[in-house]
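This report concerns only the one structure given below.
The values are calculated or read from the model by the stated rules, or taken from the named source; none is laboratory data. Here the structure is a predicted model, which means the values were calculated and not measured. In this analysis, Cβ positions are derived from the backbone assuming ideal geometry, glycine residues included, and neighbour counts consider all displayed protein chains. Side chains are part of the model used for accessible areas, which takes the heavy atoms of the whole protein and leaves out ligands, DNA and RNA. Shrake-Rupley method; radii C 1.70, N 1.55, O 1.52, S 1.80 Å.
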Amino acid sequence: MSELWRESAVALAAKVRAREVTALEVSEAHIQRTLEWNDRLGAFLHFEPEDVRRQARRIDHLIGSGADPGVLAGVPVGIKDNICTKGVRTTCASRILENFVPPYDAHVIERLREAGAVLFGKTNLDEFAMGSSTENSAFRPVRNPYDLARTPGGSSGGSAAAVAAGLVPLALGSDTGGSIRQPAALCGIVGAKPTYGRVSRFGLVAFASSLDQIGPLARSVEDAALLLETIAGHDARDATSSVRALVPLETATPKSLRGLKIGIPIEYFGKGLADEVRAAVGAAQSTLQNLDASVEQVSLPLTEYGIPVYYVVAPSEASSNLARYDGVRYGMRAEAQELKAMYRATRGRGFGREVKRRILVGTFSLSSGYYDAYYGRAQKVRGAMLRELDEVFEQVDVLLTPATPSVAFRLGEKTEDPLAMYLNDVFTVTANLAGIPAVSLPCGRSSGGLPIGLQLMGKRFGEEELFQVARAYEAASKQTHVWPPEPEGTQEPAA
Amino acid sequence: MPIEPDEVRHVAELSRLEMTPEEADSLADDLQKIVSYIDRLQEVELGPDDEALTYFDADVHREDRTASGLERADALWNAPDADGEFFLVPKILAKDEE
């Protein structure tokens, strides 16, 4: 079997453009890999090999005719199933959208098509991106390729598992409170949440509109940069989309970080942090110091309120955004004699438990008599957190933290306790609340072989610096993606 | 703050969510736990100047212009019930509201 699935996106695009391999050969290798792994992982919800081949042949045809196929020529990309794809089902892993076929492409999908990417399939997620383990998918949970009894994280768990196991070299996720960075960390890959406004949200099914951002998952910083460059940029259809241009991220790897100031926020290293994670992030700090970066401790005292603020703001926005699922224009409808009963029945049967929980919390926070004490207060605390962070970014350029408090947990371990599940996002929500960019990348392994992730947070629109630090760390530490063990019974016999 | 079962039923009604009595009871427990947790926001000391801040680059304006939108057939494509021109819905007023 072709080993092209092991290659990076950058290498694949170069080979396809140089006619060393065809886009069809690239796709075929990933199709075979996916057929072998997907049942076990549950990473893809929709995957049509014939459609993938058709797209690949079109790229090959384009190349044959002498046209420029684009920077992602023939590169298969997994798409989180809350991103609209024209003519291809987009379910948000919810029963209520089980048969929804969007009549348009999201902005990021248009960009991928123009760049010559192959839209490989739709990846599994927590229903409406609400969750941290991908166990809230209405269809099936996703499993971690490094230990099938464990979660890949969430909510972009399908995208993370698919990239980590080589089903695709790249995938898109969405990040509202850590949904790209946390699964990237638990699957030992790179995941980035761009600055709010960097990537158009047009065609991303809305969860919490002031927090949602689409971003890349990849096996290297270079590949993540290539995908982010492809999707970033202004789009008039998203009023919060920024006109600031993204500085090209694919620059040489800096050999020294002299002059760079890295802040270590002490609140991220408290008692809930697993020892192995603490040690790995400590080693990352030393690596960066050896690159001549200066490191200083900083304090963000409001960090402990990040989760309470998030679990007011995000559900409030969700309760409003999800009001559109009413059984009238799209999605499922439960039959009833009159309209209000139809709304209640449709939503009661169409939404899963976590989605209902968040709609209730959000509606409560916004309801008359409670608004000031909950939603209003959360927004003020969010404002204070923003100010606190801005002050720290006057002292330092980048913040270094763990991405998650622990390595991947077991499936079922936290499903009965919503608060325990919410605390997975304790290190990631701040970047969403403040709109700043953040990257998680591999920084080691636990004694059990499970990936550990570190997080770098940058200044608003500071992706260039953030990616340079990530590149330098990746090169100096040699902490890169490791292939998961091959499933039993599929190994090639020894020669 | 304790949340009464009536409060949960009221919020569920506002949210247009049908639920069985068992589901309502167990979601009431969850809601109670979550609200007790987010109640920690009350302890944050805020100054008189603290207000909700945003970070949006929202001063992006353009001239009004007309552009084509979704075609009617495309807009109706996913509807659970439609007649080719309109979305169809069940009767809007229940008997006791007529």
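Among the candidates A:378, A:403, the residue that is within 10 Å of chain B (Cβ to nearest Cβ) and either open to solvent by less than 20 Å² (accessible area, probe 1.4 Å) or more than 25 Å from the chain's Cα centre (by Cα) (or both) is uniquely A:378. Among the residues making up the range A:465-489, a single one is charged (D, E, K, R), within 16 Å of residue A:284 (Cβ to Cβ) and open to solvent by 60 Å² or more (accessible area, probe 1.4 Å): A:478. In this structure, does residue A:486 turn out to be in a loop (DSSP other than H, G, I, E, B), within 13 Å of chain B (Cβ to nearest Cβ), free of Cβ contacts under 8 Å to residues at least 24 places away in the same chain and more than 21 Å from residue A:251 (Cβ to Cβ)? No: the conditions fail for residue A:486. Tell me whether the range A:230-244 contains one or more residues that are assigned to a helix (DSSP H, G or I) and either touching a Ser or Thr at 6+ places or on another chain (Cβ under 8 Å) or among the aliphatic types (A, V, I, L, M) (or both). Yes; the residues of the range A:230-244 include at least one that is assigned to a helix (DSSP H, G or I) and either touching a Ser or Thr at 6+ places or on another chain (Cβ under 8 Å) or among the aliphatic types (A, V, I, L, M) (or both). Please tell me if residue B:16 is at the interface with chain A (Cβ under 8 Å from one of its Cβ atoms) and not in a helix (DSSP H, G or I). Against the criterion (at the interface with chain A (Cβ under 8 Å from one of its Cβ atoms) and not in a helix (DSSP H, G or I)), residue B:16 qualifies. Among the residues making up the range A:98-132, those that are in contact (Cβ under 8 Å) with a residue 60 or more places away in the chain, within 21 Å of the chain's Cα centre (by Cα) and within 21 Å of residue A:355 (Cα to Cα) are A:122, A:123, A:124, A:126, A:127, A:128, A:129, A:130, A:131, A:132. Scanning the range A:363-415 for residues that are part of a helix (DSSP H, G or I), touching a helix residue (DSSP H, G or I) at 6+ places or on another chain (Cβ under 7 Å) and within 30 Å of residue A:468 (Cα to Cα) returns A:382, A:384, A:385, A:386, A:388, A:389. Considering only residues that are surrounded by fewer than 19 Cβ atoms within 10 Å (Cβ to Cβ) and under 13 Å from residue B:14 (Cα atoms), look in the range A:361-371 and name the one that is farthest from the other protein chains (Cβ to nearest Cβ). Among those residues, the one meeting the criterion is A:368.
Quick one: is residue B:94 open to solvent by less than 60 Å² (accessible area, probe 1.4 Å), facing chain A (nearest Cβ under 7 Å), at pLDDT below 85 and over 24 Å from residue A:318 (Cα atoms)? The answer is yes for residue B:94.
Would you please name the residue that is surrounded by the most Cβ atoms within 10 Å (Cβ to Cβ), looking only at residues in the range A:324-360 that are assigned to a loop (DSSP other than H, G, I, E, B) and of a type in the set (Ser, Thr, Tyr)? The qualifying residue surrounded by the most Cβ atoms within 10 Å (Cβ to Cβ) is A:325.
Might you let me know whether the range A:166-181 holds any residue that is within 15 Å of the chain's Cα centre (by Cα) and in a helix (DSSP H, G or I)? Yes, there is a match, as at least one residue in the range A:166-181 is within 15 Å of the chain's Cα centre (by Cα) and in a helix (DSSP H, G or I).
Among A:204, A:257, A:228, which is the only one that is closer than 22 Å to residue A:313 by Cβ, away from chain B (no Cβ under 14 Å) and touching a residue at least 40 places away in the same chain (Cβ under 8 Å)? Testing whether each residue is closer than 22 Å to residue A:313 by Cβ, away from chain B (no Cβ under 14 Å) and touching a residue at least 40 places away in the same chain (Cβ under 8 Å) leaves just A:204.
Of all the residues in the range A:236-253, those that are away from every other protein chain (no Cβ under 14 Å), in contact with a Lys or Arg (Cβ under 8 Å, 6 or more places away or on another chain) and crowded, with 19+ Cβ neighbours inside 10 Å number 0.
On inspection, residue A:223 does not qualify as open to solvent by 10 Å² or more (accessible area, probe 1.4 Å), within 30 Å of residue A:450 (Cβ to Cβ), away from every other protein chain (no Cβ under 14 Å) and at pLDDT 95 or above. Here the range A:416-440 is the region considered, the condition is being outside any helix (DSSP H, G or I) and within 13 Å of another protein chain (Cβ to nearest Cβ), and the residue that is nearest to the chain's Cα centre (by Cα) is A:437.
In this entry, residue A:172 is excluded by the filter for residues that are of a type outside the set (Phe, Trp, Tyr) and open to solvent by 10 Å² or more (accessible area, probe 1.4 Å). Counting residues in the range A:279-300 that are farther than 21 Å from residue A:126 by Cα, crowded, with 18+ Cβ neighbours inside 10 Å and within 14 Å of chain B (Cβ to nearest Cβ) gives one or more. Only a single criterion out of (1) touching a strand residue (DSSP E or B) at 6+ places or on another chain (Cβ under 9 Å); (2) without any contact (Cβ under 8 Å) to a residue 12 or more places away in the chain is not satisfied by residue A:273, namely (2).
Results for (1) surrounded by 20 or more Cβ atoms within 10 Å (Cβ to Cβ); (2) of a type in the set (S, T, N, Q), shown as yes or no for each residue.
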{"residue": "A:27", "(1), (2)": "yes, yes"}
{"residue": "A:30", "(1), (2)": "yes, no"}
{"residue": "A:46", "(1), (2)": "no, no"}
{"residue": "A:57", "(1), (2)": "no, no"}
{"residue": "A:60", "(1), (2)": "yes, no"}
{"residue": "A:73", "(1), (2)": "yes, no"}
{"residue": "A:76", "(1), (2)": "yes, no"}
